[in-house]
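A.B. asks: Take a look at the following structure, please.
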Amino acid sequence: MKILVVGAGLSGCSAARLLKDRGHEVSLIEKRGEVGGLCITRTGDDELRYEPFGARTFHAKSSRVREFVARFDDFNGYVHRKGMIINGRLFPFPMTKAAIDGLEEKERIFEELKNRPAIIDKTNFETACISIFGRTLYGYFVKNYTVKMWGVDPKELTAEWAQKRLELREDDSEGLFKDEWQGLPCHGYSFLLERMIDGIHVMVNTTSFDPAGYDVVILSAPIDHAMDFKFGRLQYRGLRFDYSKDEEWEDDDYGTINLPQHPRYIRKCNFKILHKQKSSHSLVQYQEPVAADEKSVPMYPVNTEENNRIFDRYLKKVCATKNICPIGRLGLFKYLNMDKAVEVAFDMVAIIESYSEITSEERYKKIKAIAKSH
Ligand SMILES: Cc1cc2nc3c(=O)[nH]c(=O)nc-3n(C[C@H](O)[C@H](O)[C@H](O)COP(=O)(O)OP(=O)(O)OC[C@H]3O[C@@H](n4cnc5c(N)ncnc54)[C@H](O)[C@@H]3O)c2cc1C
């Protein structure tokens, strides 16, 4: 098959590699001047590596994902631990029951935890969080963080994110992810992705294409843009970054520290720790959420009920086009961790190879099922 992949982020590059390995004729176009999408790494002063779109740690349960990415670079084995600062003190994130002992209102918090409902109230994000943490902990490290992060009242967000991303650790283990396999590519994400697409024709600084020239076009670019915003714009949040060199860091066990009570920033990341680099210098990145407009990089899909409804209309429309298959964070309007972005690319291979033989309704159902499963 002749296949065009639109967007050379992790999703697009993974799909391109998998399909090329299966003998298809694959080419890639990328809007920016380099491949990698959000997963790029640069080397700054003092030889310190950093991710300009935000620090990120790879972690995966799936062996096919691990084996796939490990083909392109070694991983440094960094196991991600995150902290958070509440009332000027450092706590682990996720919050552990042991750490609650260090909070002034510990008795009230334990009482609220004891009285949590047996079933999580999934009315919206706020009700789900209060069911998981009780009101006091929710107020300490979720509410303000969420308002800053998403720019909307937590009641407007769906409950899904709460259950997926937030937890209260019953045991005292502190790693953010439970996946055994974690780390950052030793030579950075840009190196990994460039090796992934070795031998595949790439056109950077390119957005235009003619779908009629291909059996299938894989769209890892924004689905609303590809459909000329026919049903309206899908909302995203972006991040603005500030940097600080050689600042004092609270605890070298934590690569990232959330700042739920800070007026602007949501977190800070220490790249030397994440990349396990030895240096007498350090580089810390501060992240401030902002609304993503046409000029900025869309980062986090804002999954309100309304946005999800709009996305669904786009998905139906795209599936009716016969040869355009959406994937990735922007094609599926869904936050995907890196392992899940690769997983989606794996799952899509069978659909792509039978794309013109199945009905638009089947395409819609299959793509929706894949997006939901991750
Ligand atoms: C701040 C932040 C931190 C994260 N941290 C982690 C982490 O620690 N661990 C983890 O597992 N995951 C993390 N993620 C998720 C991870 O970044 C995504 O899984 C990954 O970026 C998904 O890649 P993608 O290819 O789907 O999207 P992208 O990386 O956005 O790639 C899309 C590509 O399409 C291009 N494009 C857009 N429009 C067009 C067009 N019209 N024509 C051609 N090209 C176009 C873009 O320029 C871009 O290169 C994080 C995400 C964010 C936002």
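The values are calculated or read from the model by the stated rules, or taken from the named source; none is laboratory data. All of these numbers come straight from a predicted model, not from anything done at the bench. Ideal geometry is used to build each Cβ from the backbone, glycine not excepted, and the neighbour counts take in all protein chains shown.
A.B. asks: Out of segment 267-290, which residues are within 14 Å of the ligand (Cβ to nearest atom), outside any loop (DSSP other than H, G, I, E, B) and of a type outside the set (Asp, Glu)?
C.D. replies: Those that are within 14 Å of the ligand (Cβ to nearest atom), outside any loop (DSSP other than H, G, I, E, B) and of a type outside the set (Asp, Glu): 267, 268, 269, 270, 271, 273, 274, 285, 286, 287, 289, 290.
Results for (1) within 23 Å of the chain's Cα centre (by Cα); (2) surrounded by 16 or more Cβ atoms within 10 Å (Cβ to Cβ); (3) not aromatic (Phe, Trp, Tyr), shown as yes or no for each residue.
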{"residue": "305", "(1), (2), (3)": "yes, no, yes"}
{"residue": "345", "(1), (2), (3)": "yes, yes, yes"}
{"residue": "362", "(1), (2), (3)": "no, no, yes"}
{"residue": "366", "(1), (2), (3)": "yes, yes, yes"}
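Quick grid of which residues meet (1) among the polar types (S, T, N, Q); (2) assigned by TED's automatic domain parsing to the domain that holds residue 221; (3) closer than 23 Å to residue 190 by Cβ:
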site: 6; (1), (2), (3): no, yes, yes
site: 14; (1), (2), (3): yes, yes, yes
site: 30; (1), (2), (3): no, yes, yes
site: 45; (1), (2), (3): no, no, yes
site: 59; (1), (2), (3): no, no, yes
site: 66; (1), (2), (3): no, no, yes
site: 96; (1), (2), (3): yes, no, no
site: 101; (1), (2), (3): no, no, no
site: 105; (1), (2), (3): no, no, no
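A.B. asks: Residues of segment 125-146 being in contact (Cβ under 8 Å) with a residue 24 or more places away in the chain and of a type in the set (Phe, Trp, Tyr), which ones?
C.D. replies: Matches in segment 125-146: 125, 133, 140, 141, 145.
A.B. asks: Restrict the check to segment 345-356 and report whether at least one residue is at pLDDT below 95, under 18 Å from residue 216 (Cβ atoms) and not in a helix (DSSP H, G or I).
C.D. replies: Yes; the residues of segment 345-356 include at least one that is at pLDDT below 95, under 18 Å from residue 216 (Cβ atoms) and not in a helix (DSSP H, G or I).
A.B. asks: So residue 253 fits all but one of (1) more than 30 Å from residue 74 (Cβ to Cβ); (2) away from the ligand (no atom under 14 Å from the Cβ); (3) surrounded by fewer than 19 Cβ atoms within 10 Å (Cβ to Cβ); what number is the exception?
C.D. replies: (1)
A.B. asks: Before we move on, is residue 320 within 23 Å of residue 160 (Cα to Cα), of a type in the set (Gly, Ala, Ser), at pLDDT below 95 and surrounded by fewer than 17 Cβ atoms within 10 Å (Cβ to Cβ)?
C.D. replies: no
A.B. asks: Next up: Taking the criterion of being within 12 Å of the ligand (Cβ to nearest atom), out of contact with any helix residue (DSSP H, G or I) (no Cβ under 8 Å at 6 or more places or on another chain) and either outside any strand (DSSP E or B) or not hydrophobic (A, V, I, L, M, F, W, C) (or both), would at least one residue in segment 297-312 satisfy it?
C.D. replies: Yes; the residues of segment 297-312 include at least one that is within 12 Å of the ligand (Cβ to nearest atom), out of contact with any helix residue (DSSP H, G or I) (no Cβ under 8 Å at 6 or more places or on another chain) and either outside any strand (DSSP E or B) or not hydrophobic (A, V, I, L, M, F, W, C) (or both).
A.B. asks: Also: What number goes with the only condition from (1) touching a helix residue (DSSP H, G or I) at 6+ places or on another chain (Cβ under 7 Å); (2) small (Gly, Ala, Ser); (3) surrounded by 19 or more Cβ atoms within 10 Å (Cβ to Cβ) that residue 279 does not pass?
C.D. replies: (3)
A.B. asks: Name every residue in segment 1-33 that is within 10 Å of the ligand (Cβ to nearest atom) and either polar (S, T, N, Q) or more than 26 Å from the chain's Cα centre (by Cα) (or both), in order of residue number.
C.D. replies: Result: 11, 14.
A.B. asks: Does residue 201 count as assigned by TED's automatic domain parsing to the domain that holds residue 21 and surrounded by fewer than 19 Cβ atoms within 10 Å (Cβ to Cβ)?
C.D. replies: Spelling it out, residue 201 is indeed assigned by TED's automatic domain parsing to the domain that holds residue 21 and surrounded by fewer than 19 Cβ atoms within 10 Å (Cβ to Cβ).
A.B. asks: So residue 16 ticks every box in (1) assigned to a loop (DSSP other than H, G, I, E, B); (2) surrounded by 22 or more Cβ atoms within 10 Å (Cβ to Cβ) but one. Which box is left unticked?
C.D. replies: (1)
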